[in-house]
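Here the structure is laid out as structure tokens; the discussion comes afterwards.
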Amino acid sequence: MPAMTVNERPVEFDMDPDTPLLHALRDAANLTGAKYGCGVGDCGACMVLVDGEALRSCLVTIAEAEGRYITTIEGLSRDRSHPVQQALVAEQAIQCGFCTPGIAIAAAALVRRNPDPSIEDIRQAIPNLCRCGVYPRLVEAIQRAGRVTRRRETISAAPAPGIDPADAARAVPAMRGADVEGGPPSAADQASEP
Ligand code: FES
Ligand code: FES
């Protein structure tokens with residue numbers, strides 16, 4: 001069973017090793033923030049951080065993710081307080097929101113390695129497709145997130161907390177925990193911890 005760390009929790013997926021990470025996260029871990037858009041690597045809606053790098057999880061198998069540290073949009077911050085999340089809301093760079101988790105993940109990876117990105121840097125680092133066309137506001141939001149990251153600015157109105165990752169992970173039928181086979185605790189087990 002491929003084992004990895006998802007949002008700082010050790011998990012094992014009792015699934016075919018060739019299963020795309022996107023499907024394991026959505027269908028087994030109940031982490032539905034990463035979206036299925038195209039399934040072939042074109043849209044970026046499925047992006048998650050793999051060891052800090054924004055990757056299209058529809059193109060990564062769980063075997064390839066073995067031993068890696070995965071961060072989904074649910075784990076980017078517990079209260080949507082990540083500078084990218086704050087700036088996306090503050091700049092109203094969200095319309096239907098389908099592309100937003102993938103864009104937030106790609107932007108988080110960008111501002112972490114380059115907190116002062118140029119427009120061209122953003123174009124290069126955010127290949128994600130947005131059918132609503134939020135691109136101009138997206139540039140503003142990511143540059144603003146960079147300023148927050150550099151402590152040049154604060155955004156006071158954090159978005160209201162949404163679903164806690166522990167809540168999202170309560171139903172994990174394909175994960176096995178230590179109580180089953182001596183492996184690490186499942187997300188469901190951990191979700192019940194105080
Ligand atoms: S669903 Fe993965 S790139 Fe579109
Ligand atoms: S906000 Fe609708 S697809 Fe991007």
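Assuming R0 = 22 Å, can you tell me the calculated FRET efficiency for the pair Glu66 and Leu129, based on Cβ-Cβ distance, to the nearest 0.05? Walk me through the numbers on the way to the answer.
Numbers: r = 29 Å, r/R0 = 1.32.
For R0 = 22 Å, the calculated efficiency reads 0.15.
Figure the gain on full extension for Glu53 and Asp16 (residue separation times 0.36 nm, minus the Cα-Cα span) and round it to one decimal in nm. Let's see the in-between values first.
Working: separation 37, 0.36 × 37 = 13.32 nm, distance 2.40 nm.
Between Glu53 and Asp16, full extension yields an extra 10.9 nm.
May I ask you to sort Thr154, Thr100, Thr149 by Cβ crowding, counting other Cβ atoms within 10 Å and putting the fewest first? Let's see the in-between values first.
Numbers: Thr154 9, Thr100 25, Thr149 19.
The most exposed by this proxy come first: Thr154, Thr149, Thr100.
Would you mind ranking Arg152, Arg9 so that the residue whose beta carbon has the fewest other beta carbons within 10 Å leads the list?
Numbers: Arg152 11, Arg9 21.
Fewest-to-most Cβ neighbours within 10 Å comes out as Arg152, Arg9.
Which whole-Hz ³J(HN,Hα) couplings does the stretch 34-44 yield from phi under the Karplus relation 6.51 cos²θ - 1.76 cosθ + 1.60, θ = phi - 60°, glycine and proline marked x?
In residue order, the calculated couplings are 5, 9, 8, x, 10, x, 10, x, 8, 9, x Hz.
Residue-wise, which Karplus ³J(HN,Hα) couplings in Hz belong to the stretch 52-68, taking 6.51 cos²θ - 1.76 cosθ + 1.60, θ = phi - 60°, and x for glycine or proline?
x, 9, 6, 10, 7, 6, 6, 9, 10, 7, 5, 5, 5, 8, 3, x, 8
Would you mind working out the magnitude of the charge dipole of the stretch 1-140 relative to its Cα centre, with +1 at each Lys and Arg C-beta and -1 at each Asp and Glu C-beta, to the nearest 20 Debye?
Working: 12 positive and 18 negative charges, 91 e Å.
So the magnitude is around 440 debye.
What net charge is computed for the residues neighbouring Pro115, neighbours being all others with C-beta under 14 Å from the C-beta of Pro115, Lys and Arg scored +1, Asp and Glu -1? Present the calculation step by step, with values, prior to reporting the outcome.
Values: positive: Arg112, Arg113, Arg144, Arg147, Arg150, Arg151, Arg152; negative: Asp116, Asp121, Glu153.
Overall, the nearby charge balance is +4.
Apply the Karplus curve 6.51 cos²θ - 1.76 cosθ + 1.60, θ = phi - 60°, to the phi angles in the stretch 116-123 and return the couplings in whole Hz, x for Gly and Pro.
Residue by residue, the stretch 116-123 yields 10, x, 7, 4, 5, 4, 5, 4 Hz.
May I ask for the net charge around Tyr69, where only other residues with Cβ less than 13 Å from the Cβ of Tyr69 are counted and Lys, Arg are +1 while Asp, Glu are -1?
Values: positive: Arg9, Arg68; negative: Glu8, Asp51, Glu53, Glu66.
Surrounding charge for Tyr69 is -2.
For Met47, enumerate residues with amide H under 5 Å from its amide H, sequence gap 5+ or separate chain, H modeled in the peptide plane.
Lys35, Ser57, Gly102
Coordinate-derived values only; no laboratory data. From a predicted model like this one, the values you see are computed outputs, not experimental measurements. All Cβ positions, even for glycine, are placed from backbone atoms using ideal geometry, and neighbour counts span all protein chains on display.
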